[in-house]
Structure formats: C-alpha cells, structure tokens
Amino acid sequence: MTGVAKEIQEHVLGLFRGQMVEVSEPNQGILVDILVRHRISGLFLDRYSSESHCWLQHDLLKKLAIYQMMSKARVHKQIQAMSEIADACKKNNISVTFIKGCHLYLETSKDEYIRKSGDIDLVTNDVGIIFVLKSLGYELVKRKLPDHELANMYRGDINLDIHRYVPIPMLDGTMLYEITRDIIDFLPCTKILHFSSRFRLMVDQIKAANFYEELLVPDITTSVFLHCINISRDFYRGMLSGSTTIKLCHL
C-alpha cells in the first residue's frame, strides 16, 4: 500500500469510528474525490464542523459544501415527488413502499445522511401504479426490463425504478469457477449463495414503517437487509470485473 493510500485509508476509518485524522495537503484533493464518489461528504462535513477541524484547504471545503448543498436540494425535490406519488397511490388504494434512497435522512433529518441518488426506488405489485404515475405526468422509459422491475418512468429529472420484488444477488459457482479457482477456495459459501439465488424479497416481506407523513419506507431490519443485498451485489460485480464497486455509504 502506498503512503497516499494508507493516509486516506486511516482517515476514512477514523471518520467511521468518530476519530477524524488530518490528511496532508497534497492528498486532500484525492480525499475529497473519494468522499464525493462514495457519497459520504455529509458525514465528513458533520464531523469536520462538530470537531472544530480547520486543516482542509478552503477551496476544497467550499467544493464539498456546494456539492452537499446541491445534493440536499435534489433530495428535497425527490421527497416532494415521493409525497405526491404516495398521496396519489393512497387515493387509488395502491400500496407502495419506497426503498433505499433518502429514507435514513427522512427518519433522522440529519444532513450527514443526505446521499445524492440518481433515482427513486419503489416497490409495489399493483400495475395500476403505472396509470397513476402517467396521470402525474410521468412517462415510461422504453427498454427491456429485468424480471423484478415493473417499469422505469421519469418526469423531468425525477427518475423512478418500480420493482415487483427485490432480487437477491446470484453468484453462479460454475461461472466463477471457470474464471478463477483461487477465489472459489476462499469462498466456502459459494454453493449456499448459488442456491439462494432462487429467493426473492417479495412485496409482502418488506416490512414498512411510516417515518415521514404518508411515505412508507422500510423498517430498520428490512433496511439493513436491503443494504446487505446491495453490498453483496456490488461485491460480486467487482470480483468478476476486477474492480471495487462497493460504495462506502452502504457501510
């Protein structure tokens, strides 16, 4: 591990442990890029301010602050869209739960949990939601969909992924074995993971809790499970592609 990588690693670990450590000036630009890429700029700014740090270069601190401000504006716009959708679905007796995204921020109202997201993920098994969304001005994205998705829709810069269920990632032992035997040797759970690929997290298994007005978001246990699904999916993708894709915000 290079000196740069070690210093950045020590800072990130300290950030999650509540013991922020200073990063030398030549490496601060790298740190800021990582904070943005992994969507943990809010966590950094919260710790940086509350612990009265003053070592980050002013232009980089300003860059982070502007990015966080823009992220907050986008999240609030998504929340408004979610509220509108939830209200319309309620009037049409359609049950819908919003997953991932900004529900942690909704629950706590803490800026450190603001994480910029490209779309809004929601789960329902009622196809009537497509007609409800069309009445709100959303349009269908015309593309071939995986089995777990009911539709992709958009209105302006608000993008929706509508899921019929949440798939549990598949790790195909045979395919992985053909790529490298060494990895198989260090993954004794491969067969279990392979067999678990048939399972799905269905709509009625996603327990919801009402945290924000009429928005239904997953309860804490389901939220943790959904995060584990995302982490394992990103890990498998990274393992097969040879590059790390896990976002630190998921940890």
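The values are calculated or read from the model by the stated rules, or taken from the named source; none is laboratory data. All values reported here derive from a predicted model rather than from experimental measurement. The area values use the complete protein model at the heavy-atom level, side chains included, leaving out ligands, DNA and RNA. Shrake-Rupley method; radii C 1.70, N 1.55, O 1.52, S 1.80 Å.
In sequence order, the range 5-12 has phi-based couplings of 4, 5, 5, 5, 4, 4, 5, 5 Hz under the Karplus curve 6.51 cos²θ - 1.76 cosθ + 1.60, θ = phi - 60°, and Gly or Pro positions carry x. Under 5 Å from the amide H of HIS163 lie the amide H atoms of LEU122, VAL123, THR124, LEU150, each residue being 5 or more positions distant or on a separate chain, with H modelled from the backbone and absent for Pro and chain starts. Both radii were evaluated on the Cα set of the range 1-143; the Rg over Rh quotient, with Rh as the Kirkwood radius, amounts to 1.11. Accessible area per residue for the range 25-173 is 50 Å², calculated with a 1.4 Å probe on protein heavy atoms, without ligands, DNA or RNA.
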